[in-house]
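Have a look at the structure below before the remarks.
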Amino acid sequence: MDNFIRVIVVVVLAHLLSGCDTPEQPENEIVTETVAVVERSKRPNIILMMSDDQGWGDVEYERTLAPGQVVPGHPLVKTPNLAAMAKAGLKFNRMYAGASVCSPTRASFVTGRAPRRTSVDWAYNDALKNLELTIAELAKTQGYTTGHFGKWHLGDLTKTLRDRNGGEFYSPTWDHGYDRNFTSEQALPTYEPMKRDQNGPLPSEDNFHGGRYYTGSGQHVDIDSPGLRGDSSAILVREAIEFINDAVAAKRPFFTVIWFHPPHTPHRVHPEALAEFYSKEEQLAMGCPGVAPVDESLDARTAAQQAYECRYYSGITDMDKQIGRLRAHLKKLGIENDTLVAFTSDNGLSSSTRLRHQEESKGGLRGFKGELWEGGVRVPGIMEWPGQIAAGETSTPMVTSDYLPTLLDIWGIDMPDARPLDGESMTTVLFDDRSAKRAHPIAFDQCGDRTDQRGPEEPTDCDTRRAGNLLMRVGGMRSIIDDRYKLITDSSGREWELYNLATDPGETSPIAGSKDIATKPEAVRQVFHDLRERINQWWEKDTAKSRIGGDFDIRVAAAEGIDILGDVGDETVPDDLSVNRRSERPELVVERQYATLEDSLEMDGNVSIADGTVVHSFLFRHAPDSKPGLANVTIEFDDPIIGIAENEKTLRGSDFLAWADPEFGSGRGAFSSEGDTWEVLDDGKTIAITTRADISELDELRILTRASLQPTR
């Protein structure tokens, strides 16, 4: 028999609270039109796009590096569609990735929280926890249909296969609020994404690159499918357009995330698309294959390096073309004025690039991907919503953590609990005042160099969880940025430097450091000490509490004699919650996973849950290791109990809410055999459970509380 308790909690949503003030700063010198916002839709369609490793300078439109310093477009990169989007929308001159590498930025994107809080603080070192509440899950409470297309890199998408970078922790997109999925675990080639050799045979003929596209639990696209041939950006936009068409036909607002692969390696040439944007002379200068003459004296490796620029720029150009295709499709459907579209990158330029115009790709900034200097975290940023966001530019800093609170503000809702967010709403900048200051600075934390030895008293925060790597990242960089100043350390806080980004955006000369701060003017000392106090408080106390799960309200008042898995960030929730997993005591798995019921759910006790209801839940299970049965075990919840699922039909009907093991199998048993009983006590919040499960059985129930239901709008 299978035993399973789920508690589902009400979500009460209110307006966002503003953060604390920053020190007085000079006025932003960039002047743009202030838009008077008319009555606007609470639920625009949302398309959030992100490239992979695209430097701040890897665009062809102008940007403002600092007041009075305009940087021209890149001399070789062709991005006419991004340029058109930047002209029509709001261009962020100081857009920041949440981290200097991919996974932590993506975690900040979907949670509104800094990577240090979520423990996803390096490239694929951990999975996104189920306890985190995502932007897609919150969108679903507002009636959106949701879709994710492209790279995920926040957890494995399969338990049975091992893709090139995966295999250690399962945390798929469909368990984090996405209805439609066309997702890869990691970066794929920018052209012919399934093939190891883009000109070689089919992937199944020993030519498989090693990564798949997954569409759901246990489902992936055939690696030989004709639909996976050609340009990777075109594949993703094709799938996204199909999703958008379906949403429009169903008259549902849509929330769409498209995380492109370019210009991350492997870079590959798409000759037809390249020819559309580059003349033969330009292709010749970049050593493009089929255009540049072949030097027979060169070995294959050197010849390939000669064509590097052609491959690199081809991926960006292909992506840009598909962004133009997507924007044109919105106009064709007549929904462009009802759709907010955003674009950014997950981090700055990789130091592995071999470009003649490397400095232009960084936009003159210091550092690369993997570093907290501006070149590692400042990235392209655009938001477009015709008729609502006036065209212009801003130098108010924005970070990927701001997406979630900004959308909450547009929807007029708040987080359902008191967990801290590091991002803040940018609606004032979007709709009213382009020179508005942030309510609080942006803090960054980054783990240091790889090592197999930890020195005395070095923290364990950055230890990787990836099996078999035997790697740790100890020490490292931290920084904090406000509207003008940046304080940074590359020695785990032992030595700090202060930069004025308004006058020195390239971070060439600090205005103060730990060694000479005592000699500086009072105003400089005040900024230095204030920013250092803020980031120390954030790093040592605020986020340290988050890392051990102190942000989560589990809604369980008391549960004696029961092991709670997932409580306060516990990472020991097992993948297998079937009868095969034995335990001495019953287990309660804390689950904050939102899901929207596709059909109404009839519960025992004449309780009906309407379709479209958003729920999240807990799991109670007992598969005894030795001692059979339980007698009068009680669990007290914070909310009154209103319904119980105990029979096979209702258990099966609600199985999809399970995140820890979505493939429960066919052996579902009812909780109604002789000796299996439950009773809600007089307080209405406590359930007493007696089971007769023996060592070959698993008993399960599902419990709904009054605070468990959130109807969608």
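The values are calculated or read from the model by the stated rules, or taken from the named source; none is laboratory data. Only a predicted model underlies this, so the values are computations on that prediction, with no experimental measurement involved. Ideal geometry is used to build each Cβ from the backbone, glycine not excepted, and the neighbour counts take in all protein chains shown. In case anyone asks, the SASA skips ligands and DNA or RNA and just uses the protein heavy atoms, side chains included. Shrake-Rupley method; radii C 1.70, N 1.55, O 1.52, S 1.80 Å.
Determine the order of ARG702, ARG585 by accessible area, beginning with the largest, at a probe radius of 1.4 Å.
ARG585, ARG702
Name the shape class, rounded, prolate or oblate, that the alpha-carbon gyration tensor gives for segment 500-541, where a ≥ b ≥ c are the square roots of its eigenvalues, rounded holds for a/c under 1.5, and otherwise prolate holds if a/b is larger than b/c and oblate otherwise.
Taking the square roots of the gyration eigenvalues as a ≥ b ≥ c, segment 500-541 is oblate.
Which of the trypsin sites (Lys or Arg not before Pro) across segment 68-175 are loop residues per DSSP, with 13 or fewer other Cβ within 10 Å?
Sparse-neighbourhood loop trypsin sites (Lys or Arg not before Pro): ARG162.
Among rounded, prolate and oblate, which fits segment 91-144 when a ≥ b ≥ c are the square roots of the eigenvalues of its C-alpha gyration tensor, a/c under 1.5 means rounded, and a/b larger than b/c means prolate?
It comes out oblate by the Cα gyration axes.
Using a simple spin-label model with points 7 Å from Cα along the Cα→Cβ vector, what separation in nm is obtained for LYS331 and THR677?
Roughly 7.1 nm, to one decimal.
Amide H to amide H under 5 Å from ALA693: which residues, 5+ apart in sequence or cross-chain, H placed 1.01 Å off N in plane?
Sorted by chain and number, the residues that satisfy this are GLY629, LEU630.
Please give the charge dipole size of segment 217-259, origin at the Cα centre, charges +1 on K and R Cβ atoms and -1 on D and E Cβ atoms. Round to the nearest 20 debye.
240
Mind checking which lysines have their C-alpha under 16 Å from LYS321, skipping anything on the same chain fewer than 8 residues away?
LYS78, LYS331
Going down the table (LYS87/LYS369; LYS129/LYS541; LYS332/LYS362; LYS91/LYS545; LYS42/LYS332; LYS42/LYS541), which pairs top 30 Å between alpha carbons?
Check vs 30 Å cut-off fails for LYS332/LYS362; LYS91/LYS545; LYS42/LYS541.
Calculate the FRET efficiency for ASP417 and THR519 from the Cβ-Cβ distance with a Förster distance of 51 Å, rounded to the nearest 0.05.
Computed FRET efficiency for ASP417 and THR519 comes out at 0.65.
Mind giving me the nanometre distance, one decimal, between the label points for ALA439 and TYR308, set 7 Å out from Cα along Cα→Cβ?
The modelled label-to-label distance comes out at 4.5 nm.
Give me the one-decimal nm value for the distance between modelled label points at LEU202 and THR503, 7 Å along each residue's Cα-to-Cβ direction.
6.6
Ordered by packing density, taken as the mean number of other Cβ atoms within 10 Å over each peptide's residues, highest first, how do 169-177, 426-434, 118-126, 222-230 rank?
Packing proxy ranking, top to bottom: 118-126, 169-177, 426-434, 222-230.
Determine the per residue accessible area of segment 341-432 with all protein chains present and a 1.4 angstrom probe, expressed in square angstrom.
23
Considering only protein heavy atoms and a 1.4 Å probe, what is the carbon-and-sulfur percentage of the accessible area of segment 85-155?
In segment 85-155, the share of accessible area belonging to carbon and sulfur is 57 percent.
Using a 1.4 Å probe on the protein heavy atoms only, what accessible surface does GLU384 show? Give it in Å² to the nearest 10.
20
Give the long-range amide H neighbours of TYR61: residues separated by 5 or more places, or on another chain, with amide H under 5 Å away, using H modelled in the peptide plane at 1.01 Å from N.
HIS74
Tell me, in nm to one decimal, what length is gained between ALA84 and ASP625 on full extension, where the rule is 0.36 nm per residue of separation less the Cα-Cα distance?
Taking ALA84 through ASP625 to full extension adds about 188.4 nm, to one decimal.
Can you classify segment 223-268 as rounded, prolate or oblate using the Cα gyration tensor, where a ≥ b ≥ c are the square roots of its eigenvalues, rounded means a/c under 1.5, and otherwise it's prolate if a/b beats b/c and oblate if not?
oblate
If each residue of separation counts as 0.36 nm, what is the full-extension length gain between SER583 and GLN219 once their alpha-carbon separation is subtracted?
128.0 nm
Show me 489-495, 245-251 ranked by packing, highest mean number of other Cβ atoms within 10 Å first.
Top to bottom by mean Cβ count within 10 Å: 489-495, 245-251.
Under 14 Å from the Cβ of LYS627, count the other residues' Cβ atoms, weight Lys and Arg +1, Asp and Glu -1, and hand me the total.
Net of charged neighbours comes to -2.
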